[in-house]
1. Among the numbered conditions (1) in contact with a Gly (Cβ under 7 Å, 6 or more places away or on another chain); (2) open to solvent by less than 50 Å² (accessible area, probe 1.4 Å), tell me where I180 comes up short.
2. Taking Y58 and the conditions (1) in contact with a helix residue (DSSP H, G or I) (Cβ under 7 Å, 6 or more places away or on another chain); (2) of a type in the set (F, W, Y); (3) open to solvent by 10 Å² or more (accessible area, probe 1.4 Å), which numbered condition does it fall short on, given that it satisfies the others?
3. Of the residues in segment 266-321, how many are β-branched (V, I, T) and open to solvent by 50 Å² or more (accessible area, probe 1.4 Å)?
4. Can you find, within segment 120-139, the residue that is modelled with the lowest pLDDT among those that are of a type in the set (G, A, S) and within 24 Å of T68 (Cα to Cα)?
5. Starting from segment 229-241, take each residue that is closer than 14 Å to A212 by Cβ and list its partners that are assigned to a loop (DSSP other than H, G, I, E, B) and hydrophobic (A, V, I, L, M, F, W, C), counting only C-beta distances under 6 angstrom and pairs at least six apart or across chains.
6. Is it fair to say A86 is under 16 Å from M30 (Cα atoms) and either at pLDDT below 85 or assigned to a helix (DSSP H, G or I) (or both)?
7. Could you check, for segment 6-13, whether at least one of its residues is within 20 Å of A152 (Cβ to Cβ) and surrounded by fewer than 22 Cβ atoms within 10 Å (Cβ to Cβ)?
8. Which condition number in (1) small (G, A, S); (2) part of a loop (DSSP other than H, G, I, E, B); (3) surrounded by 20 or more Cβ atoms within 10 Å (Cβ to Cβ) is the one that A254 fails?
Amino acid sequence: MTQGSKRAGTRQWTGLAVLVLPCVLASMDMSVMFVTLPSLSADLQPSSSQLLWIMDSYGFLLAGLLITMGTLGDRIGRRRVLLTGAAAFGLASVLAAYSTGPEMLIATRALMGIAGASLAPSTLSLIRNMFLDERQRATAVGIWTAGFAGGAVVGPIIGGLLLEHFWWGSVFLINVPVMILLVVLGPLLLPEYRDPEPGRFDLPGALLSLAAVLAVIYGLKTTAGHGFGWTGAVCVAAGLSAGTLFVRRQRTAAHPMIDLALFRTSRFNVPLLIDALATFAMVGFSLFNWQFMQIVLGMGPFESALWSLPTFLVMPVGIALATAMAPRIGKPNAMTAGLAVAAVGYIALALIRTDSGIMHLVSALAVVSVGIGGVSAVVTEVILSAAPPERAGAASALAETSAEFGGALGIAVLGSIGTAVYRSQTESQAPAGLPPRATGSGNGNPRRRRRHRSDPAASDRRGSAQGGLRCLQPRDADRRGRQRRSNGGRSHSDRLPAPQRRTARLRGGPSS
């Protein structure tokens, strides 16, 4: 085959646009709930436990089934799995939009997670087959990376705009036309590809991989929400045990889901590790970024999402630079350069104080976004290229699973460190006689909030606290009181991002 015959044409690039759209929606559906929960909760009246599952059932099932769906696509056809998943995702979105109770919404969100798990590995593995030229494939993977990352950023913005005019179910209905478009255009623009010698599907292996991923991620999220305890530790231990059994089965199975020989080459395992670490830092720091905007600067969720938009807009710059530099300086050097740029941004984030403005935060996040965007694009392309074409689905699923683990670990580890630092500083500076429970929670207690609002000196003492968690403390107690009154009496915790608001409720803090 000549070099010219390997280059993709108009059909392939149009097909790429069709592939990116469902990935944007799958990513967006994880973040759009941050602004949807208040109106959803007012209508369906879920309990605290149900609220957690409304948020997490989608992400848990999506993460747990990535490997299964990627392997299934290799065996029965990646386009078939993608189109089936798209149709199921659209149907589940309609059911979610018209849910009549919390239980129904939890179930439909779980169905969306199962269907969503088919989208990322199928689209990425199809790119592997559609773009045979290495440089074109790197560009295509970069566009896919930007779309997947962009969905998480624009989710709260689109959700906020929809909720200004429609009911909460509209955030799910926007999925339907895109999935219809994919189902209609997919057979015309996307090639089918499957392993010519797939063998039997390994059902026990699929169940073990599901158990391993679900248990570990649930344990990490439990640790992030409640601190280190038996529940999180037992779940992580159970997940690691299931993962060990899964690896043993893959070594002995006649037709394993994953080719373990891939992990023996640094071209595959090192990019996987870099992908996990990059997501670890990005997601872990985002926890504090949202808190700084909403707690310190007094922004609402929608305004915070708007200020996050510039970080997405500059990401293509990093992707374009990395994909252009990689052929010239080598992919390892391109990844190193991206990590170095991101490190500069993280240092700038670590220097944020309570008197830092929004431009300090946004500019630092923009630098991080440029670096991580370039790293993610190069890493994903390297992982795809390291796997043989018939294993591209499983390789894509492993890349996405490593990112899921990295994100969950980032929230658990960095969130726990942040909570510990904040608690130690609060306890040392809290007014005398304050109950220990009040100083043990970053979200506070009604008596503590009233006392702080009426005591500017206490606010000044908190603002002078040293350490990386300074950004978690209010800048101006009087302004916080005015903002509460302008928000119709809503409490401080009502304006927290959904994960922190749920944590406050579970720890006994008030929701209003």
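The values are calculated or read from the model by the stated rules, or taken from the named source; none is laboratory data. No experiment lies behind these values; they were computed from the predicted model shown. Heads up, the Cβs are rebuilt from the backbone with ideal geometry, glycines too, and the neighbour counts pull from every protein chain shown. For the accessible areas, the whole protein counts, side chains as well, though only heavy atoms, and no ligand, DNA or RNA atoms are used. Shrake-Rupley method; radii C 1.70, N 1.55, O 1.52, S 1.80 Å.
1. Checking I180 against (1) in contact with a Gly (Cβ under 7 Å, 6 or more places away or on another chain); (2) open to solvent by less than 50 Å² (accessible area, probe 1.4 Å), the one that fails is (2).
2. (3)
3. Number satisfying all stated conditions: 2.
4. The selected residue is A120.
5. From segment 229-241, no pairs qualify.
6. So A86 fails the test.
7. The answer is no, given that none of the residues of segment 6-13 is within 20 Å of A152 (Cβ to Cβ) and surrounded by fewer than 22 Cβ atoms within 10 Å (Cβ to Cβ).
8. Of the numbered conditions (1) small (G, A, S); (2) part of a loop (DSSP other than H, G, I, E, B); (3) surrounded by 20 or more Cβ atoms within 10 Å (Cβ to Cβ), the odd one out for A254 is (3).
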